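Single-structure report; data block below.
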Amino acid sequence: MGASHSNFLSNPEQFATRVTQSQTSSKVKEYDFVIVGGGTAGCVLASKLSENPAFTVILIEAGRSHEEYLFSKIPLGFSKLFLSAADWAFSTTPQKHVKDRVIRLPRGKVLGGTRDFNTPGGTLGAAPFLAFMDNKGQRSSAAAAYLTNNVLAWPNLSVAVNCCVEKVLFDDENNTLLATGVELRTTRDGPIFCVSATKEIILTAGAYGTPHLLLVSGIGPRKELEEKGVTVVKDLPAVGKNLVDGLPTYDYLAKPLSSLFALVQWYITGKWPMATLAAQGAAFFRSDDPSLPYSVPGGKPLPDLVDLSSGSNAPDLEISWFPMLILDGGVGKIPPGVQGATARVVNLRPKSSGDITLETSSIWDKPIINPKWFSNEHDTQIVARGVRLLLRIARTKPFSGFVDFREDERYPFLWIGTQDPDTLSEEELYEFIRKNSKTAWHPVSQLEACTARMGKSEDSSVVNSKLQVHGMQSLKIIDASIFPKQLSGHPCTAIIAMAEKASDMIKEAHI
Ligand SMILES: Cc1cc2nc3c(=O)[nH]c(=O)nc-3n(C[C@H](O)[C@H](O)[C@H](O)COP(=O)(O)OP(=O)(O)OC[C@H]3O[C@@H](n4cnc5c(N)ncnc54)[C@H](O)[C@@H]3O)c2cc1C
């Protein structure tokens, strides 16, 4: 893991065909499978499909190789990639229900995808990849785990980096829409190249990237596409809708790492603080568990909540714990001398959902992302229960022995941690949540997703149970965007399991 590989293709002349006026389709460079987006799901698919030497596979990634980013290897270095070239650096529209705040949405633009810079603390499952770190103390990602040097040496697999796919190309054969290939460029104004697929095109560009690419390719709500001057290929109203992302509320308690020293320690030994997980612990709860102290003794009864969990024993709240201060989603400056820890409360099954729409008809302009966080009061009420529970946990041993609960006006971000959970009113909690919630970093539901969700109806979903885009031949989607509902946990394991299963389905179908 982590060994360098110099054969990633970054010059499209090596693997694609330049689009010219005189070009005929017979001249276009062909692969059996064209996979768009070298992220968590894309790396799994590229590796698994190319296990069959009879298939030719190309994986096309907009970002650069993960090997170019030291911080993608350091388990605790994830936030150093935020706002770098490895980050799409999306942000939301002003969010009405959280004081009109605009919230940053980091997403991996790098081989390995968002997994390359997420907080290495995933839950649910223990696939080999989810060991997260190898024996050199380095972070594992889908690229490191699935695109090993052995896999990259297979002659039937090509991996292109730094190439943005601009649109999917279609043919209309006897009234059947057939996805035939994709166009790509390395820069906004550079020459256009294309590749074609003899079997299938598979979109794995993530919960924001996939709906964006579908929309600019003409697949989406007719009216919205026409307003942006995009030629409609297929009217599919659910593209970009149903965006669900849990917005956690962070509670800062009053000690960080001396990072330079820790970095040197990691570099020399692969050990010590930088080789640890960011989220060191997570606990899952039900918001209606009568044994948990969610309310104020003698206070008003709590509002009734709808049970949105996936079963009577399934959680709908998560509390996770980081032994460091994480301000402003990881890019906020920590005042000198301030030390602390962070805990977050995540609503695993939000009722509010938002959408992704086009700003312009170009893939090079960011889409408009509006998660509509807390537009449903239910979500504020459920998070309030979690925050009060967290405040109570912080006041029990052994925690309480390490935490300074005194208020200090110089550090307003410590405010909630200093409040007494037995007297803090629901309204004060709601106000804190509206002012301070940040993204859980996972659009698919707690975990960003559902923006191209699976279902039976063309009116409310985008792919069928075979992962094919409704009404299309040869176009599949396999990434966080297709989950029909949000997961009650962190998504990486589920995405990898889904991509493994999908690879088997595809291999079987094309025997
Ligand atoms: C900060 C942060 C922390 C997280 N922490 C955790 C965690 O602890 N545990 C957990 O389970 N999950 C976590 N997640 C969520 C998890 O990482 C993502 O849900 C998951 O990686 C999504 O996988 P994906 O394959 O759907 O998309 P991605 O991994 O995002 O892959 C999409 C890929 O497609 C590429 N792409 C997009 N558009 C194009 C285009 N037009 N042309 C070519 N390429 C394109 C992108 O550059 C990217 O590489 C975290 C996310 C973030 C942001």
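The values are calculated or read from the model by the stated rules, or taken from the named source; none is laboratory data. Keep in mind the model is a prediction, meaning the values are calculated, not measured. All Cβ positions, even for glycine, are placed from backbone atoms using ideal geometry, and neighbour counts span all protein chains on display.
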From THR210, THR180, THR186, residue being within 14 Å of the ligand (Cβ to nearest atom) and surrounded by 19 or more Cβ atoms within 10 Å (Cβ to Cβ):
THR210
Being loosely packed, with under 15 Cβ neighbours inside 10 Å, among the β-branched types (Val, Ile, Thr) and not assigned by TED's automatic domain parsing to the domain that holds ARG222 narrows it down to one of THR396, THR380, so name that one.
THR396
Scan segment 277-309 for residues that are within 28 Å of the chain's Cα centre (by Cα) and at pLDDT below 90 and report the count.
6
Within segment 124-169, restricting to residues that are polar (S, T, N, Q) and within 21 Å of the chain's Cα centre (by Cα), the one that is modelled with the highest pLDDT is ASN162
Scanning for something surrounded by fewer than 15 Cβ atoms within 10 Å (Cβ to Cβ) and modelled with pLDDT of 95 or more, does segment 264-276 turn up at least one residue?
no
Just checking, does segment 496-510 include any residue being assigned to a loop (DSSP other than H, G, I, E, B), surrounded by fewer than 16 Cβ atoms within 10 Å (Cβ to Cβ) and either more than 16 Å from the ligand (Cβ to nearest atom) or assigned by TED's automatic domain parsing to the domain that holds GLY386 (or both)?
yes
Go through the residues of segment 340-347 one by one and say whether even a single one is out of contact with any Pro (no Cβ under 8 Å at 6 or more places or on another chain) and either on the phi > 0 side of the Ramachandran plot or surrounded by 23 or more Cβ atoms within 10 Å (Cβ to Cβ) (or both).
yes
Qualifying positions in segment 396-421 - assigned to a helix (DSSP H, G or I) and not aliphatic (A, V, I, L, M):
PHE399, SER400, GLY401, PHE402, PRO412, PHE413, GLY417, THR418
Residues that are part of a loop (DSSP other than H, G, I, E, B), of a type in the set (Val, Ile, Thr), at pLDDT below 95 and more than 26 Å from ILE368 (Cβ to Cβ): does segment 422-433 have at least one?
yes
Restricted to segment 193-207 and to residues being under 11 Å from VAL165 (Cα atoms) and more than 8 Å from the ligand (Cβ to nearest atom), the residue surrounded by the most Cβ atoms within 10 Å (Cβ to Cβ) is LEU203
